[in-house]
Each structure stands twice: as C-alpha cells, then as structure tokens.
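The values are calculated or read from the model by the stated rules, or taken from the named source; none is laboratory data. For clarity, every value in this text was computed on a predicted model and none was experimentally measured. Please note: Cβ atoms are built from the backbone with ideal geometry, for glycine as well, and neighbour counts cover all protein chains shown.
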Amino acid sequence: MVKFCCAFGCNEKFIKGGPITFHCFPKDETRRKLWESKLKRENFKATNYSTICSRHFSEGCFEREKLGGTWLKKDAVPTIFDFPSHLKREDNERKAPKERIILKRQNSFEGDFDESDMHSPTKAVKVLQKAKEEKTKKNRKLKALQQQNGKLKKRVASLEQILKEIKKKSFITDAASDVLELSLTGPAEQLLKRTQVGTSKEKYPAELRAFALTLQFYSNKAYEYVRRTFSTSLPHPATLRRWCKTVEGNPGFTHEAFITLKQKSTEAMSAGKKIICCLIVDEISIRKHIEWDGDKFSGYVDLGTQLDNDCLPPAKQALTFMLNALNANWKIPVAYFLIDSLNALERSNLISECLRLVFDTGVEVTALTFDGTSVNISTANNLGAKIQEKDMKPYFPHPITSEKVFVILDVCHMLKLVRNTLASKGSIVNQNGDIIKWDYIKELEKFQKDKGLYAAPKLKSRHIEWYQEKMKVKLAAQVLSNSVADALLYLANDLKLEEFQGCEATVEFLKIFNNLFDVLNSRNFLRSVKVDSCSSDRQKFFQAVLEKENLEN
C-alpha cells in the first residue's frame with residue numbers, strides 16, 4: 001500500500017530509500033490529538049495508517065544517529081506547513097506585563113519555634129516533643145509511599161515475566177503467547193497508571209481493552225491470575241462479556257443475536273414456557289486472503305478482541321457457534337471467530353463464555369453438539385465430561401447453574417468415521433470375537449456388477465471407492481444400511497455362495513448402525529423405526545440396540 005502525507009496541501013509520496021521519511025501518528029491519545037490540531041483539517045481523524053512526512057518537522061525534532069536511521073523524538077510535533085492565508089493565525093505582539101512587587105510569604109510548619117520558646121524549659125520540651133511526633137509520622141508516610149511505588153514498578157516490570165509464567169503453567173499456548181506479546185508495551189504502562197490511581201471511572205484505553213480481551217479469550221485462569229497480580233486493574237469478566245458482543249457482523253459474539261434471544265425468551269416466559277436449545281459448534285475451512293475493506297485489513301486471525309496488528313497470521317478457519325431450539329422451530333448463529341488453530345483448552349473457554357452469555361438471555365442450553373474429532377473430544381473432557389471407553393460421563397456442568405449439559409457428537413460425522421474405520425482397516429472384531437469384514441461389501445458390489453443382479457440397488461462402485469467422496473454422508477448411510485445387510489444374508493443363506501459365508505457378524509453390525517442412525521438423525525425417535533407404540537416395546541427395542549452396539553476394534 002502506497003503511503004501519502006496527510007498534511008494540508010502536501011503531495012509527498014513514500015519512496016523506499018528516498019530522502020523524505022514518513023512517520024505514523026503517536027499512539028498516545030493526547031499527543032495524537034495535538035498532531036491532528038496542527039494539521040488544521042476539518043473533521044480529520046487519524047488512523048493507525050495515517051502518516052506525516054519529515055518536511056513538516058523542524059530539525060530539532062529528529063534523532064539522526066539513533067539506530068542508524070531517522071527517528072522522531074518523543075515530544076516531536078509537526079509545525080511546518082504551507083497553509084493558505086485564511087488558515088494562518090496572526091500573532092500580535094503582546095505588551096510586556098507590568099512589574100509587580102511580590103511579597104514573600106513566610107511559611108510555617110508544625111514543630112517550628114521561636115527563640116522566645118526556649119526561654120521557658122516547659123514550653124521548649126513541648127515544642128521538641130511535637131517536632132519528634134511530626135517527624136515520625138512523615139517518615140512512616142514516606143516509607144509507605146516508597147514501598148508502594150517500588151511494588152508498582154516491580155509489577156509492571158514483571159508483566160513480561162508473568163506471561164512467561166502463565167505459559168509455563170500451561171494456562172496459554174505458544175501461539176497465544178505470541179499474540180499477547182504484540183500488545184505488551186502499551187498495556188504495561190496503562191496497568192501502572194490504573195494501579196496508581198486505584199478505582200477509576202475513566203474508560204479503558206483501546207490497547208488495554210485489546211490486551212484484556214485477548215488474554216481472557218485464550219485462558220480464563222491466566223486472566224484471573226494477571227488480574228489478581230495487578231490489584232483488579234483489569235476489567236471484571238462481566239465487562240469483557242459486554243465488550244465481546246459485536247455488531248455489523250464482525251468476528252466475536254454477535255450482539256444482535258443475543259438481543260433476539262432475549263426477546264424470544266421474554267415471549268416464551270409470558271406464555272409460561274422456557275426455551276431450551278442445543279449449542280452447535282463447527283469449523284469451516286476458509287481461503288487465506290488479506291484484503292483492505294476501506295477501514296482496516298481483514299483476513300488475519302480475529303478473535304473479536306479488537307486487536308489490530310498485521311503481525312498476526314492469516315486465518316485458515318472460521319469457528320462458528322449456533323443455537324438450535326429444541327422446543328421451537330428456529331436456529332440462530334450467535335458467534336464466529338477467524339482462527340489459525342485453537343487447542344482444546346481455548347475451545348472449552350470459548351464454549352463456557354458462550355454458555356454464560358446465553359444464560360443471561362434466559363435461554364437454557366441442555367446439549368452441546370460438534371464433530372467427533374480428537375480436539376473436540378479433549379474439549380469435552382476439559383469442560384468436565386468424560387468421553388472415553390470406561391467410566392463414560394457424557395455431560396458436563398453448566399458454568400453458572402451447574403445443570404447437566406450433554407455432549408452429543410454429530411451423528412453424520414460419526415457415521416462417516418465408522419465407515420472410514422471399517423473400510424481403511426479392513427476388519428473389526430466385535431465383543432464375541434467375530435470378525436466384521438469390509439470384503440463382504442466389496443464382494444457384494446462386484447457380484448452385482450458381474451451378474452447384473454442388484455440385491456442392494458443403491459450400492460455402487462462409488463460406495464467402495466469412498467475416499468474420493470469421503471465428505472458425503474449419503475454414501476456412508478447407504479453402505480451401513482438394512483438393504484446391504486439383507487443382500488448379504490440372501491447371497492449367503494439362499495444362494496449359498498461361498499464368498500459370503502460367515503457374514504453374520506457383518507450383517508449384525510450393519511443393522512445396528514442402520515437403526516442407530518435412524519434414531520439419532522431424527523427429531524422424533526419413532527419416526528424412522530417400526531416399533532409398537534407401547535412404552536414396553538419401545539424400551540425393549542432401544543435396550544437391544546444399545547446392547548449390540550458395544551463393539552471393540
């Protein structure tokens with residue numbers, strides 16, 4: 001991007017290696033406003049990308065020898081401009097002030113005494129005692145202020161050390177540490193200022209807001225640790241949740257979505273109902289691309305924390321959050337984040353934050369659904385569930401109410417994983433030691449192609465060569481189906497074909513996952529299976545399904 005000077009009437013353009021240098025506006029708000037006022041441009045507001053060329057600074061504003069380049073001094077202000085006559089201010093000579101005679105005022109202090117006080121021994125003792133008491137008080141106050149000042153300097157000086165310590169304690173990852181170090185200098189100064197002032201009604205500076213939001217995004221524990229260290233100079237987590245809500249579709253938690261949820265909850269409560277939802281979390285791969293949107297560069301990692309830095313890596317994925325109403329007919333996306341990668345701890349922190357925000361609207365979340373990837377399994381375990389073979393605990397406590405929130409792995413994704421495992425490994429051993437073979441399904445497809453007899457009409461070569469279309473759920477569902485199971489039984493029992501003998505375990509496996517998928521992929525658990533309406537028959541059916549689905553690799 002070409003840099004131009006933003007001074008009035010200046011047409012200088014940045015040329016690499018040229019004699020004219022370009023300088024950004026100060027980050028300090030007071031100095032930035034001073035520079036803006038010197039430009040005398042109406043309604044002008046400098047951005048992080050606005051620059052002024054060196055022609056508008058006097059010679060005394062530069063440190064020519066610093067680091068072998070041309071650098072501005074900290075107190076430098078642009079003063080050289082070619083303004084038109086109507087913008088030039090006429091400086092009229094002021095008359096010299098009249099000479100005034102200033103009478104010195106004699107100060108008096110506690111413990112002062114005159115020579116006349118020494119004429120009386122009793123009075124002299126009282127004056128001396130008073131002076132000693134005042135000296136002791138002042139010494140104590142001075143010592144307390146010195147200790148406080150030393151602690152404050154030590155706290156800010158050790159902010160970088162604190163980040164290293166929370167990284168050592170595994171509160172944050174290496175990637176999170178790199179992002180936080182980009183905003184280290186500004187927040188350190190602001191923390192010192194706010195710690196000295198104590199309780200302050202001033203707004204948090206933008207740099208400190210970005211640092212706090214980024215740190216809390218990556219780890220709640222790390223944020224609480226730093227907040228305690230700096231005497232609560234960082235904002236309360238409730239304030240961060242309010243900051244995280246975004247508008248206009250920017251990454252983060254969408255403010256409008258939570259307003260809509262609040263309205264839905266209020267309407268339901270007025271009718272004597274409570275809205276129950278399932279939180280759905282998923283990742284979407286996106287193309288790496290950086291683009292100028294007229295205000296800033298977009299395409300970098302964006303966590304909705306208002307951190308603007310071109311040193312961040314380009315985003316590769318979008319992590320999305322959506323609520324699906326279980327007792328109503330609507331869905332609503334509530335957040336998305338542009339990420340490069342997030343570990344299980346960072347994902348669990350985001351999910352907990354989303355549950356807190358949804359709770360504030362009056363909506364109850366009873367289930368969490370995501371793909372059955374390893375990082376999502378670890379995320380569920382970090383939240384408090386136990387997704388493992390032994391001691392299964394498919395739920396975790398809600399971060400506010402401690403009510404059970406059940407983890408439901410995405411049925412379509414899990415069905416594809418079952419198909420992929422059977423096809424890639426070739427065989428699976430069930431609890432009875434019987435072998436479930438992929439070869440039976442391959443032989444069925446070959447038999448249908450050679451003989452022209454389609455016992456399983458939907459089974460084609462694309463189902464066997466699944467890896468070319470591994471994302472299509474339809475192909476996995478048509479393989480793990482009753483039609484394929486019935487075809488195998490027909491060829492083994494009725495036609496007595498040798499290559500299909502011993503396929504009973506495979507048939508049972510296919511029927512189990514056919515029934516499981518029909519039940520779990522429907523809003524009504526009786527919609528896709530033929531079961532008598534009485535509760536005892538339904539109970540027997542589901543008990544049989546659950547007993548048979550206990551398979552071992």
I'd like to know if region 409-416 contains one or more residues that are surrounded by 14 or more Cβ atoms within 10 Å (Cβ to Cβ) and within 22 Å of ARG356 (Cα to Cα).
yes
Cβ-Cβ under 8 Å, sequence separation 6+ or interchain: first residue in region 282-296 and closer than 21 Å to ARG347 by Cα, partner modelled with pLDDT of 90 or more and hydroxyl-bearing (Ser, Thr, Tyr). Which pairs?
ASP282/THR320; GLU283/THR320; ILE284/THR320
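Say whether the condition of being in a loop (DSSP other than H, G, I, E, B), loosely packed, with under 13 Cβ neighbours inside 10 Å and of a type in the set (D, E, K, R) is met by at least one residue in region 13-23.
For region 13-23, residues in a loop (DSSP other than H, G, I, E, B), loosely packed, with under 13 Cβ neighbours inside 10 Å and of a type in the set (D, E, K, R): present.
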Do we have LEU350 as part of a loop (DSSP other than H, G, I, E, B), closer than 23 Å to ASN220 by Cβ and under 14 Å from the mean Cα position of the chain (by Cα) here?
no
Residue check: is GLN148 under 45 Å from the mean Cα position of the chain (by Cα), modelled with pLDDT of 65 or more and either outside the structural domain of LEU345 (by the TED database) or among the charged types (D, E, K, R) (or both)?
yes
Identify the residue in region 481-526 that is in a loop (DSSP other than H, G, I, E, B) and among the aliphatic types (A, V, I, L, M) and, among all such residues, is farthest from TRP438 (Cα to Cα).
LEU526
In region 261-309, anything over 22 Å from VAL334 (Cβ atoms) and either assigned to a helix (DSSP H, G or I) or in contact with a Gly (Cβ under 6 Å, 6 or more places away or on another chain) (or both) is listed as SER270, HIS289, ILE290, GLU291
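Yes or no, residue by residue, for (1) assigned by the TED database to the domain that holds LYS273; (2) in contact with a Cys (Cβ under 7 Å, 6 or more places away or on another chain); (3) modelled with pLDDT of 95 or more; (4) closer than 24 Å to ILE284 by Cα:
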site	(1), (2), (3), (4)
SER348	yes, no, no, yes
VAL365	yes, yes, yes, yes
ASP371	yes, no, no, yes
ASP391	yes, no, no, no
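Would you point out the residue of region 320-359, among those that are among the hydroxyl-bearing types (Ser, Thr, Tyr) and more than 17 Å from PRO251 (Cβ to Cβ), that is surrounded by the fewest Cβ atoms within 10 Å (Cβ to Cβ)?
SER352
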Would you call PHE258 part of a helix (DSSP H, G or I) and modelled with pLDDT of 80 or more?
yes
Within the group ALA485, ALA455, which residue is under 16 Å from LYS511 (Cβ atoms), surrounded by fewer than 20 Cβ atoms within 10 Å (Cβ to Cβ) and either at pLDDT 90 or above or in the same structural domain as VAL418 (by the TED database) (or both)?
ALA455
When you check LEU312 against the structure, is it touching a residue at least 40 places away in the same chain (Cβ under 8 Å) and assigned to a loop (DSSP other than H, G, I, E, B), yes or no?
yes
Residues that are surrounded by fewer than 22 Cβ atoms within 10 Å (Cβ to Cβ) and of a type in the set (A, V, I, L, M, F, W, C), drawn from region 501-511
ALA505, VAL507
Evaluate the following for ALA380: is it of a type in the set (Gly, Ala, Ser) and over 26 Å from LYS169 (Cβ atoms)?
no
So, PHE447, is that one aromatic (Phe, Trp, Tyr), in contact with a strand residue (DSSP E or B) (Cβ under 8 Å, 6 or more places away or on another chain) and surrounded by 13 or more Cβ atoms within 10 Å (Cβ to Cβ) or not?
no
